[in-house]
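> Quick one: the structure is below, questions incoming.
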Amino acid sequence: MILVTGATGQFGSKAIEHLLNKEVNPSEISALVRDASKAKSLIEKGIQIKEGDYTNYNSMVKAFQGIDKLLLVSSNNRDAIENRTAHHKNAIKAAKEVGVKHIVYTSFVRKPGFEDSAIADFQNSHLETERYLKESGIDYTILQNGIYAEMILAFIGDKVADTKTILFPAGEGNASWVLREELAEAAAKVMISKGHKNKTYTLTNTESVGFKSIAENLSAALGEKIEYKSPNVEEYRAILEKAGIPEMYIGMFDMWSTALKQQTMDEEDDSLTTFLNRKPTSVRQFIRNIYS
Ligand SMILES: NC(=O)c1ccc[n+]([C@@H]2O[C@H](COP(=O)([O-])OP(=O)(O)OC[C@H]3O[C@@H](n4cnc5c(N)ncnc54)[C@H](OP(=O)(O)O)[C@@H]3O)[C@@H](O)[C@H]2O)c1
C-alpha cells in the first residue's frame, strides 16, 4: 500500500493522478489530508483518505498503519522554517514506529555553497530532514526537485503584458526551471519502480535560463517587446511596498531573486529526462503554452 502526503496540494494530487495513469489500482493508494472535505475528487477516484497533520504525531501513526511506501511531500509552512523540519521529522518518526519500509521525500536542488546563499535556512531544513531520514534506517529515496517553472509566473506578475516589463532583481542568475507536474510524474515513477533504494536524484531541467531569456520568450509569445529590468533589492522592495504588496510576499520575492542571482539553482541534470522518458518541458515551451 502506497500513501501520498500533501494529497490535497498541487504536487501530491498530481502524483496521485500519475500513479493512477501508471495503472496503480486506486485501492492500493492512500492519501494523507488535513481536511477530508477538500478531498472529494480523491474520494471519487477511489483513493482511501486518511486524516492527519504533520503537527499531530498520533494522527500520522494512525494514518501510516499498513503502509509500505510513503511519498512524503515536504511541508509548506510559512510561519517559520523550523516548523517544516519538525513536521518532516514527525512524519518520519511516525513512519518508523509503524514499520513503513520506504520513504520517498521531496527535497530541493542543492549546490555547494548553499550555506551562504539567501535560501540557506530553507536548504538547511531539507538537509536536516534528509539526514534524519537516512539515520532512521528506513529505505529512502530523496528527490532534489528543481525550482518550479510555475514560480516564474509569480515572479513576473500578472500585469507583465500591460507594463511590458519584467521587474525582478535576479540579475543574470540562471535556474533549471521544471514543471511541478513533471516532477510529480517522476515521483510516481519512483514510487512504483525498483532500483531507487537509498538513492538521491537531482530532478531539474536540462538547460538553465535567466530572466533575460524569459523576457525574450515572453516577447515571442506575446508578439511584442518585453523588457527585463533588474533593480537593486532596496529599490525593488520600495516599489513593491508602494504597490501595497504584503511584507510576507516582498520577503519571499527578495529571498528567491537573491538566491537566483547567486546561481543556487543553476544545476542541469538528465535524471528527470530518464524518469519521464522524454525531455522535460522547456521554459520556452512553458511560456508559449501560457501566453500564446
Ligand atoms: N521546487 C519548488 O520550486 C517548490 C516550490 C514551492 C513549494 N515547494 C515544496 O514542495 C511542496 C509541494 O508543493 P505544492 O506545490 O504541492 O505545495 P502546496 O500546493 O502548497 O501543497 C502543500 C501540501 O502540504 C500540505 N501540508 C501543509 N502543512 C501540513 C501539515 N501540517 N500537515 C499535513 N499536511 C500539510 C498541504 O495541506 P492542505 O492541502 O491541507 O493545505 C498541501 O496539501 C511544498 O509544500 C513545498 O515544501 C517546492
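What follows is calculated from the coordinates using simple rules that are stated; it is not laboratory data. What you see is a predicted model, and the numbers here were worked out from it, not measured in a lab. Neighbour counts run over all protein chains shown; Cβ positions are idealised from the backbone, glycine included.
> Hey, what did the stretch 176-263 get for relative contact order, percent, Cα under 8 Å, at least 6 apart?
Relative contact order here is 21 percent.
> Below 12 Å, Cα to Cα, which aspartates and glutamates can residue 101 reach? Residues fewer than 8 away in the same chain don't count.
Result set, ordered by chain and number: 68, 139.
> Let me ask something else. For the chain, give me the percentage of DSSP beta bridges that are antiparallel, rounded to the nearest 5 percent.
So the antiparallel bridges amount to about 5 percent of the total.
> Treat every Asp and Glu Cβ in the chain as -1 and every Lys and Arg Cβ as +1, leave all other atoms uncharged, and give the resulting dipole magnitude about the Cα centre to the nearest 20 debye.
Magnitude of the dipole: close to 800 debye.
> For the stretch 141-238, state which chymotrypsin sites (Phe, Trp or Tyr not before Pro) are in a DSSP loop and have at most 14 other beta carbons lying within 10 Å of their beta carbon.
Sites meeting the loop and neighbour criteria: none at all.
> Taking 0.36 nm per residue of sequence separation and subtracting the Cα-Cα distance, how much length would be gained by fully extending the chain between residue 273 and residue 68, in nm to one decimal?
In short, 71.1 nm is gained.
> Loop only per DSSP, at most 14 neighbouring Cβ atoms within 10 Å: give me the trypsin sites (Lys or Arg not before Pro) in the stretch 219-291, ordered by residue number.
225, 278
> As I understand it, the value is the acute angle between the Cα axis of helix 81-98 and the longest principal axis of the Cα atoms of the chain; what does it come to in degrees, rounded to 10?
On a 0 to 90 degree scale, this one is about 20.
> Cα centroids of the stretch 130-173 and the stretch 210-227: how far apart, whole angstrom?
Spelled out, the Cα-based centre of one part sits 20 Å from the other.
> Could I ask something else about it? Of 208, 75, 193, how do they rank once you tally other Cβ atoms within 10 Å and put the fewest first?
Sorted ascending by nearby Cβ count, the order is 193, 208, 75.
> Where does each of 125, 136 land when they are ranked from fewest to most other beta-carbon atoms within 10 angstrom?
Neighbour counts put them in this order, fewest first: 136, 125.
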